[in-house]
Every structure is written in C-alpha cells, then in structure tokens.
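Visitor: First the structure, then my questions, so here it is.
The values are calculated or read from the model by the stated rules, or taken from the named source; none is laboratory data. Note that the coordinates shown come from a computational prediction; the quantities given were computed from them, not determined experimentally. Every residue, glycine among them, receives a Cβ derived from its backbone with ideal geometry; neighbour counts consider all protein chains shown. These area figures cover heavy atoms from the full protein model, side chains too; ligands, DNA and RNA do not enter into them. Shrake-Rupley method; radii C 1.70, N 1.55, O 1.52, S 1.80 Å.
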Amino acid sequence: METKKKDIRALTREQLRDFFVKNGDKAFRGNQVYEWLWQKSAHSFDVMTNISKETRDMLEANFVINHIKVDVMQRSTDGTIKNAVRLHDDLIVESVLIPTKTRTTACVSSQVGCSLDCKFCATARLKRMRNLNPDEIYDQVVAIDNESRLYFDRPLSNIVFMGMGEPLMNYNNVLKAIDKITSKDGLGISPKRITVSTSGVPKMIRKMADEEVKFNLAVSLHSAIDDIRTSIMPFNATFTLADLREALAYWYSKTKSRITYEYVVWKGINDRQKDVDALVNFCRFAPSKVNLIEYNPIDDGEFQQASNTAIEMYVNALERNNIIVTVRRSRGKDIDAACGQLANKT
Ligand code: SF4
C-alpha cells in the first residue's frame with residue numbers, strides 16, 4: 001500500500017537535522033537541504049547539486065515539496081501584476097505585485113476563499129475552502145520578489161496580507177510564514193515592511209499584542225457606526241465596534257504602534273457628516289492613520305464610489321483632528337487585481 005509522503009517543508013531545521021542523523025548521515029546535511037528549500041526555493045530534489053544522488057533519491061522516496069505554481073500571470077497597463085497561483089491540491093489563490101516609483105509591494109492571500117461575508121468583496125463569494133500553509137504564503141512572496149527583480153529591476157520592498165482570506169482566521173500559519181519571510185534563513189525582510197490587514201477579530205488582535213509582534217496592523221473599518229458596519233460586514237454583529245476598539249487600545253498599550261484603518265467611502269452608505277464624525281471619534285484613543293481607498297465595483301451595482309465632495313469631507317475632518325489621512329487610488333483594475341476584486345476570475 002502506498003503511504004502518503006510528507007511535505008518536507010513542514011519540518012523545522014532541527015527536525016531535518018535529526019532525520020539525517022537517524023538515517024546514518026551527518027546533521028549538517030539537514031542544513032544543506034534546509035537552505036535549498038528556503039533560501040534557494042528549490043522546487044525539486046534534483047536541483048540540490050551538493051547532495052549525492054543517493055541521498056536525493058532517499059529524500060524523493062520519503063518526501064514531497066508542495067511548491068506553488070504560478071498558473072497565469074497578468075500585467076495591468078499600470079504595471080500591476082496578478083498571479084493566479086495553483087496549490088498542490090489544485091486549488092487556486094491570487095496574489096498581486098503593486099509597483100510605485102519608490103516601492104514594490106506584494107499583496108498575498110492567506111486562505112482559499114474566505115469565511116467572512118463582507119458584502120462589497122468579491123472573495124466573499126468564494127466559500128472558504130481551507131487555510132494556506134506557511135510555505136504556500138511564503139512561496140507567493142518569493143514568486144513576487146522574483147517578478148519584481150525581473151520586471152522592475154529591484155527586490156520586493158513591502159508585503160501586505162490583504163489578498164484572499166482573513167489572516168487572523170489563519171493566525172498560526174500567517175505568523176509562521178512571517179517568521180520565515182523575516183528570518184535570515186528565509187528572505188530577511190524587516191517586519192516593519194509587513195502589514196497584516198484584518199477585518200477586526202478582537203481576540204486575535206489581543207493575542208498579537210501579547211506576543212509583541214513587530215509587523216504593522218491595519219484594520220478594514222469602513223464604518224464606525226455599528227448598524228452600518230454590520231450591514232456591510234455582517235460579522236460585526238458578533239465582533240462589535242466596542243470590542244474592536246477595546247482590543248485595539250490594548251494593542252496600542254502593548255506595542256505603541258500606530259493603527260492604520262482602511263476605509264472605503266460608498267455613495268449612500270457612509271458618505272454623511274455623521275459617518276465622518278463617528279470615524280473621527282473612533283480614532284481618538286490612539287495615534288491613527290486612515291487610508292481612504294477608491295472603490296472597485298464588483299459588477300453587482302449595489303456599492304458605488306462616493307463623490308469627491310464626500311471624500312473631501314472625510315479628509316478635512318481627519319486633518320482638522322490631527323489624524324493622518326491618505327487617499328489611495330486602486331491599482332490593477334483592468335485585471336481585477338484591485339482591493340476587494342480577487343475572485344479567481346482568470
Ligand atoms: S474583505 Fe477580507 S475578510 Fe471580508 S470577505 Fe473579503 S477577504 Fe474576507
């Protein structure tokens with residue numbers, strides 16, 4: 001009977017060293033293989049040329065490398081690149097490279113589909129099928145780093161967990177992936193260049209605060225009025241704004257890190273003065289930054305971008321209250337790569 005082979009990248013460096021010792025080899029062989037797997041992103045055992053053929057055959061007999069494969073790569077007229085990424089079980093997720101003059105940002109997925117049900121989001125239409133493993137998240141970053149070097153002649157500079165899925169619903173794997181992305185064994189990218197964007201899961205925000213993580217936190221807020229937020233993000237009925245605010249205050253007390261809010265202004269939903277006032281009030285407890293993001297329609301017409309006057313109303317009120325505010329144009333709209341548009345349409 002054929003036994004299922006284990007994914008070799010689920011082993012730590014120590015476990016890999018132990019494996020070689022138990023099989024009558026030297027522990028440093030584990031280091032060599034580990035480097036191939038993580039620093040050189042080997043897709044097969046064959047490429048491990050400083051390992052004997054006999055040892056590579058033995059690895060092949062015991063393990064698999066469940067590497068992702070970029071199935072389709074699309075380039076937008078504005079330079080944005082979207083990858084449709086095939087996983088070892090043939091499920092597909094998407095990740096995006098966003099270039100600007102000064103930086104290249106990877107927007108990566110953390111789940112296949114999403115269990116939350118944000119009404120404005122294309123990913124919400126795909127039911128959550130599974131969490132991504134740490135190596136599947138890591139591979140998306142490596143693929144985008146390679147594309148950044150190839151097409152823009154510079155390494156990836158920033159990473160945002162804003163693709164498919166709610167990262168805090170796959171907390172352990174997201175943290176393991178970030179460990180690998182930031183470690184010298186992996187890509188050595190500073191945690192200060194990584195932002196985890198959540199729709200706001202209070203319990204997990206507290207856990208992150210307790211673990212004193214070093215990356216940045218962004219919250220997709222979109223309304224600071226419970227009824228309205230619940231109508232567009234139904235889980236807000238369970239994780240209310242008061243709970244979220246308390247968890248964020250705890251986060252700030254522990255990390256002293258400024259909180260970023262992602263906020264889309266929609267016509268007829270959150271474009272009134274009282275929506276603006278509620279946001280200003282919500283932000284008061286800690287240093288905050290609000291990114292007002294341009295909306296990308298997802299073809300059902302229910303949500304429409306608010307007028308420039310409404311955006312200006314937000315900008316003026318936030319600035320008057322010393323809250324940093326930016327207005328963000330979305331990128332990659334022509335290839336459905338913009339915020340909230342990732343839905344495996346390719
Ligand atoms: S916005 Fe994020 S959390 Fe909400 S449904 Fe979409 S992917 Fe899930």
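Visitor: Taking Ala106 and the conditions (1) more than 16 Å from the ligand (Cβ to nearest atom); (2) open to solvent by 20 Å² or more (accessible area, probe 1.4 Å), which numbered condition does it fall short on, given that it satisfies the others?
Guide: So the condition that Ala106 fails would be (2).
Visitor: Also, quick follow-up: If the Cβ limit is 8 Å and pairs must be 6+ apart or interchain, which residue in region 140-164 that is without any contact (Cβ under 8 Å) to a residue 60 or more places away in the chain pairs with which residue that is outside any helix (DSSP H, G or I) and of a type in the set (Lys, Arg)?
Guide: These pairs meet every condition: Ser148/Arg154; Ser157/Arg103; Asn158/Arg103.
Visitor: Please go through region 239-261 and pick out each residue that is under 17 Å from Ile324 (Cβ atoms) and among the β-branched types (Val, Ile, Thr). Please lay out each step first, then the result.
Guide: From region 239-261, those under 17 Å from Ile324 (Cβ atoms) are 248, 252, 256-261; that's our starting set.
Correct list: Ile259, Thr260.
Visitor: Yes or no: Leu59 open to solvent by less than 50 Å² (accessible area, probe 1.4 Å) and either assigned by the TED database to the domain that holds Val21 or in a helix (DSSP H, G or I) (or both)? It would help to see each step written out before you state the result.
Guide: Details: open to solvent by less than 50 Å² (accessible area, probe 1.4 Å): yes; either assigned by the TED database to the domain that holds Val21 or in a helix (DSSP H, G or I) (or both): yes.
The answer is yes for Leu59.
Quick grid of which residues meet (1) of a type in the set (Val, Ile, Thr); (2) more than 30 Å from Lys274 (Cα to Cα):
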| residue | (1), (2) |
| --- | --- |
| Pro155 | no, yes |
| Gly188 | no, yes |
| Ala218 | no, no |
| Thr230 | yes, no |
| Met233 | no, no |
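Visitor: Restricting attention to region 13-56, report how many residues are open to solvent by less than 70 Å² (accessible area, probe 1.4 Å), part of a loop (DSSP other than H, G, I, E, B) and closer than 17 Å to Lys176 by Cα.
Guide: The total comes to 1.
Visitor: Please go through region 150-163 and pick out each residue that is among the aliphatic types (A, V, I, L, M) and either open to solvent by 30 Å² or more (accessible area, probe 1.4 Å) or in the same structural domain as Trp38 (by the TED database) (or both).
Guide: Narrowing region 150-163 to residues among the aliphatic types (A, V, I, L, M): 150, 156, 159-160, 162.
Within region 150-163, Leu150, Met162 qualify.
Visitor: Oh, and also: Which of the helices (runs of 4 or more DSSP H) contained wholly in region 199-285 include at least 1 residues that are of a type in the set (Ser, Thr, Tyr)? Let's see the steps before the verdict.
Guide: Working: elements: 202-210, 226-232, 241-255, 273-283.
In region 199-285, 226-232, 241-255 are the helices (runs of 4 or more DSSP H) which contain 1 or more residues that are of a type in the set (Ser, Thr, Tyr).
Visitor: Check Ser223, Ser288, Ser253 and return the single one that is out of contact with any Pro (no Cβ under 6 Å at 6 or more places or on another chain) and open to solvent by 20 Å² or more (accessible area, probe 1.4 Å).
Guide: Numbers: Ser223 fails: open to solvent by 20 Å² or more (accessible area, probe 1.4 Å); Ser288 fails: open to solvent by 20 Å² or more (accessible area, probe 1.4 Å).
So the residue among Ser223, Ser288, Ser253 that is out of contact with any Pro (no Cβ under 6 Å at 6 or more places or on another chain) and open to solvent by 20 Å² or more (accessible area, probe 1.4 Å) is Ser253.
Visitor: Restricting the search to region 205-220, which residues are open to solvent by 20 Å² or more (accessible area, probe 1.4 Å), within 16 Å of Tyr261 (Cα to Cα) and out of contact with any Lys or Arg (no Cβ under 9 Å at 6 or more places or on another chain)?
Guide: Residue satisfying the conditions is Ser220 alone.
Visitor: Would you check if Ala84 is farther than 28 Å from Leu168 by Cα, away from the ligand (no atom under 16 Å from the Cβ) and not in a loop (DSSP other than H, G, I, E, B)? Write out each step before concluding.
Guide: Numbers: farther than 28 Å from Leu168 by Cα: no; away from the ligand (no atom under 16 Å from the Cβ): yes; not in a loop (DSSP other than H, G, I, E, B): yes.
Taking the combined requirement at face value, the residue does not satisfy it.
Visitor: Here are the criteria: (1) within 24 Å of Tyr138 (Cβ to Cβ); (2) within 16 Å of the ligand (Cβ to nearest atom). Tell me which single one Pro234 does not satisfy.
Guide: In the conditions (1) within 24 Å of Tyr138 (Cβ to Cβ); (2) within 16 Å of the ligand (Cβ to nearest atom), Pro234 misses (1) alone.
Visitor: Test Ile81 against the criterion of being in the same structural domain as Trp38 (by the TED database), farther than 18 Å from Gly165 by Cβ and aliphatic (A, V, I, L, M), and give yes or no.
Guide: On the way: in the same structural domain as Trp38 (by the TED database): no; farther than 18 Å from Gly165 by Cβ: yes; aliphatic (A, V, I, L, M): yes.
In short, no.
Visitor: Let me ask something else about it. Hey, does region 109-132 have a residue that's open to solvent by 10 Å² or more (accessible area, probe 1.4 Å) and away from the ligand (no atom under 16 Å from the Cβ)?
Guide: No, every residue in region 109-132 fails to be open to solvent by 10 Å² or more (accessible area, probe 1.4 Å) and away from the ligand (no atom under 16 Å from the Cβ).
Visitor: Considering every residue within region 85-93, establish whether at least one is surrounded by fewer than 22 Cβ atoms within 10 Å (Cβ to Cβ) and more than 18 Å from Met164 (Cβ to Cβ). Reasoning before the result, please.
Guide: Step one: filter region 85-93 for residues surrounded by fewer than 22 Cβ atoms within 10 Å (Cβ to Cβ), giving 86-92.
Add one more test, that the residue is more than 18 Å from Met164 (Cβ to Cβ), and what stays is none.
The answer is no, given that none of the residues of region 85-93 is surrounded by fewer than 22 Cβ atoms within 10 Å (Cβ to Cβ) and more than 18 Å from Met164 (Cβ to Cβ).
Visitor: Filter region 164-196 down to the residues that are open to solvent by 10 Å² or more (accessible area, probe 1.4 Å) and of a type in the set (S, T, N, Q), then identify the one that is nearest to the ligand (Cβ to nearest atom).
Guide: This residue is Thr195.
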